[in-house]
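A.B. asks: Let me give you the structure first, and then I'll get to my questions.
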Amino acid sequence: MSDRTTGATPAAGLPINPPPRLLMGPGPINADPRVLRAMSAQLVGQYDPSMTAYMNETQQLYRGVFRTENEHTLLVDGTSRAGIEAALVSLIEPGDRVLVPIFGRFGHLLREIAERAGAEVHVREIAWGQVFTPAAIEQAIRETRPKLLAVVHGDTSTTVMQPLDELGAICARHGVLFYTDVTASLGGNAFEADAWGLDAVTAGLQKCLAGPSGSAPSTFSPRAAEVITARRSVEAGLRESGDSGLGVGRSVIRSNYFDLAMLFDYWGARRLNHHTEATTALYGARECARLLIDEGLPEAIERHRLHGAAMLAGVQGLGLDVFGDLAHKMNNVVAVVIPDSVNGDAVRGSLLADFGIEIGTSFGPLHGKIWRIGTMGFNARTDTVMTTLAALEQVLRRQGAAVTGGGGVGAAWDVYADAVGGAA
Ligand SMILES: *Cc1c(COP(=O)(O)O)cnc(C)c1O
């Protein structure tokens, strides 16, 4: 690339100027412009009254998004897996038993992080595209007697969502802590941290929250906070006795950056210095929550349901098959079976090159077998659904697949017409 006026590339390169894209994959998606505007605001000092007020407001906004009264509701700086890692490394002591029911790629991630935290991890696996029954999870809890149940809510790798509403009571019955990763589902599907009995929940911005990756909103119940801060006491005690404490006590949280006891002290009334809060990411995370609360959570979930239903009807209307247990499909993403007659990567390539539209590929056992198409956050809209279906039809036809002419847009239109009819 070269400078237009001189023909030369400046030594320092050209300014960031990404190509216009419509991101219809499983995340990231196009950020809401209001989030981007919030993120262009000037910095303030770490303890400026405006900054600490923004931190407090962000905590309160996310209590609304997570549907919790938890005092310990905060941002972990980093992408979604920073939140996962902070939760697991702070809750798990080496040797603790952890149960991970795995139904997709992100279950494997939970297992890996729990293992790195020193847990004795027990897994139960089910075919991708399916979810566990509460009875199966309770049976596994009886068999393994874990300290912690760690389960993904919506797994974008398979597009299905594990029902969590009955698991909190099961965990309470067996004295098990209950953690979930809601990165893919939060804001686009019903979620109730308190009513469902969650002890620890972590998320990210780049799915239904309409922001960029880089901040992990998280919340911890009083019970989880007790487990975590008890470990702090041990460490603080060791420190006070002149020992660094690191690597001495069994209970020391084996990460500084992800030590939630220290993060609680930073976000809490004591405001003890830890890292420098990622100010720009906080502006973005705060705006994501503000937009959701302003729209209304039920309204945002209904918007994701409607546009997800239109996209599902549209791909089926083109004559394509979808993958996974539709009764447990997340609102915001659909897995489309790649027809035998086309090359999946060539179709994605043409969508990107000729229409500027990105859809997702897939991992593991589904690699090369399905595409994943998202309708989430800022991109859960009628125009994005229609444009994607119209483009997909043309690309598929050009690549030799038999598709129903007009069947995609037509079926989506019917879903929208029914929704308007239903509301009238
Ligand atoms: C997309 C997704 C993530 C993303 O993690 P990052 O660290 O932000 O890349 C995590 N968990 C689940 C369930 C997801 O769907």
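A.B. asks: Out of the residues in region 216-231 that are open to solvent by less than 20 Å² (accessible area, probe 1.4 Å) and more than 15 Å from residue 63 (Cα to Cα), which is nearest to the ligand (Cβ to nearest atom)?
C.D. replies: Taking region 216-231 and keeping what is open to solvent by less than 20 Å² (accessible area, probe 1.4 Å), we get 216-221, 224-225, 228, 231.
With more than 15 Å from residue 63 (Cα to Cα) added as a condition, the list becomes 224-225, 228, 231.
Details: 224: 19, 225: 23, 228: 21, 231: 24 Å.
Top of the filtered list is 224.
A.B. asks: Based on this model, can you work out whether residue 156 counts as without any contact (Cβ under 8 Å) to a residue 40 or more places away in the chain, within 12 Å of the ligand (Cβ to nearest atom) and assigned by the TED database to the domain that holds residue 98? Spell out how you get there, then give the answer.
C.D. replies: Details: without any contact (Cβ under 8 Å) to a residue 40 or more places away in the chain: no; within 12 Å of the ligand (Cβ to nearest atom): yes; assigned by the TED database to the domain that holds residue 98: yes.
No; evaluated as a whole, the condition is false for this residue.
A.B. asks: State all residues of region 13-62 that are more than 16 Å from the ligand (Cβ to nearest atom), touching a helix residue (DSSP H, G or I) at 6+ places or on another chain (Cβ under 7 Å) and open to solvent by 30 Å² or more (accessible area, probe 1.4 Å); if no residue qualifies, say none.
C.D. replies: 22, 34, 39, 41, 43, 44, 45, 54, 57, 61
A.B. asks: Same structure again: Among the candidates 132, 106, single out the residue that is aromatic (Phe, Trp, Tyr) and within 13 Å of the ligand (Cβ to nearest atom).
C.D. replies: Numbers: 132 fails: within 13 Å of the ligand (Cβ to nearest atom).
Being aromatic (Phe, Trp, Tyr) and within 13 Å of the ligand (Cβ to nearest atom) holds for just one of 132, 106, which is 106.
A.B. asks: Report yes if residue 121 is out of contact with any strand residue (DSSP E or B) (no Cβ under 8 Å at 6 or more places or on another chain) and more than 13 Å from the ligand (Cβ to nearest atom), otherwise no.
C.D. replies: Numbers: out of contact with any strand residue (DSSP E or B) (no Cβ under 8 Å at 6 or more places or on another chain): no; more than 13 Å from the ligand (Cβ to nearest atom): yes.
Spelling it out, it is not the case that residue 121 is out of contact with any strand residue (DSSP E or B) (no Cβ under 8 Å at 6 or more places or on another chain) and more than 13 Å from the ligand (Cβ to nearest atom).
A.B. asks: OK, next. What number goes with the only condition from (1) closer than 29 Å to residue 187 by Cβ; (2) surrounded by fewer than 19 Cβ atoms within 10 Å (Cβ to Cβ); (3) out of contact with any strand residue (DSSP E or B) (no Cβ under 8 Å at 6 or more places or on another chain); (4) small (Gly, Ala, Ser) that residue 356 does not pass?
C.D. replies: So residue 356 meets the others, but not (3).
A.B. asks: Please verify whether residue 305 is more than 25 Å from residue 421 (Cα to Cα), at pLDDT 95 or above and not assigned by the TED database to the domain that holds residue 163, treating the condition exactly as stated.
C.D. replies: Details: more than 25 Å from residue 421 (Cα to Cα): no; at pLDDT 95 or above: yes; not assigned by the TED database to the domain that holds residue 163: yes.
For residue 305, the condition - more than 25 Å from residue 421 (Cα to Cα), at pLDDT 95 or above and not assigned by the TED database to the domain that holds residue 163 - is not met.
A.B. asks: Please go through region 138-161 and pick out each residue that is more than 21 Å from residue 94 (Cα to Cα) and surrounded by 23 or more Cβ atoms within 10 Å (Cβ to Cβ).
C.D. replies: 152, 153, 154, 155, 156, 157, 158, 159, 160, 161
A.B. asks: Going through region 63-99 one residue at a time, which ones are among the hydroxyl-bearing types (Ser, Thr, Tyr), out of contact with any helix residue (DSSP H, G or I) (no Cβ under 8 Å at 6 or more places or on another chain) and more than 16 Å from the ligand (Cβ to nearest atom)?
C.D. replies: Applying the first criterion (among the hydroxyl-bearing types (Ser, Thr, Tyr)) to region 63-99 yields 68, 73, 79-80, 90.
Filter again for out of contact with any helix residue (DSSP H, G or I) (no Cβ under 8 Å at 6 or more places or on another chain), leaving 68, 79-80.
Result: 68, single match.
Residues are listed down the side, and each one gets a yes or a no for (1) in the same structural domain as residue 186 (by the TED database); (2) crowded, with 19+ Cβ neighbours inside 10 Å; (3) under 18 Å from residue 23 (Cβ atoms); (4) among the basic types (Lys, Arg):
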site: 315; (1), (2), (3), (4): no, yes, yes, no
site: 321; (1), (2), (3), (4): no, no, no, no
site: 328; (1), (2), (3), (4): no, no, no, no
site: 334; (1), (2), (3), (4): no, yes, yes, no
site: 337; (1), (2), (3), (4): no, no, no, no
site: 369; (1), (2), (3), (4): no, no, no, yes
site: 382; (1), (2), (3), (4): no, no, yes, no
site: 405; (1), (2), (3), (4): no, no, no, no
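A.B. asks: Anything in region 196-215 that is away from the ligand (no atom under 16 Å from the Cβ) and farther than 20 Å from residue 304 by Cβ? List them, or say none.
C.D. replies: Pass one, region 196-215, residues away from the ligand (no atom under 16 Å from the Cβ): 196-197, 199.
The answer is 197, 199.
Residue by residue, here is whether (1) of a type outside the set (Val, Ile, Thr); (2) surrounded by fewer than 15 Cβ atoms within 10 Å (Cβ to Cβ); (3) in contact with a Gly (Cβ under 6 Å, 6 or more places away or on another chain); (4) not assigned by the TED database to the domain that holds residue 302 holds:
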{"residue": "385", "(1), (2), (3), (4)": "no, no, no, no"}
{"residue": "393", "(1), (2), (3), (4)": "yes, no, yes, no"}
{"residue": "401", "(1), (2), (3), (4)": "yes, no, no, no"}
{"residue": "409", "(1), (2), (3), (4)": "no, no, no, no"}
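A.B. asks: Here's another thing I want to ask about it. Helices (runs of 4 or more DSSP H) wholly in region 79-172 with at least 1 residues that are β-branched (Val, Ile, Thr) and within 18 Å of residue 258 (Cβ to Cβ) - which ones? Before the answer, list the steps.
C.D. replies: Values: elements: 80-91, 105-116, 134-144.
Once the helices (runs of 4 or more DSSP H) in region 79-172 are filtered for at least 1 residues that are β-branched (Val, Ile, Thr) and within 18 Å of residue 258 (Cβ to Cβ), what remains is 80-91, 105-116.
The values are calculated or read from the model by the stated rules, or taken from the named source; none is laboratory data. Please read all numbers here as calculations on a predicted model, not as lab measurements. Please note: Cβ atoms are built from the backbone with ideal geometry, for glycine as well, and neighbour counts cover all protein chains shown. Please note that ligands, DNA and RNA were not included when accessible areas were found on the heavy atoms of the full protein model with its side chains. Shrake-Rupley method; radii C 1.70, N 1.55, O 1.52, S 1.80 Å.
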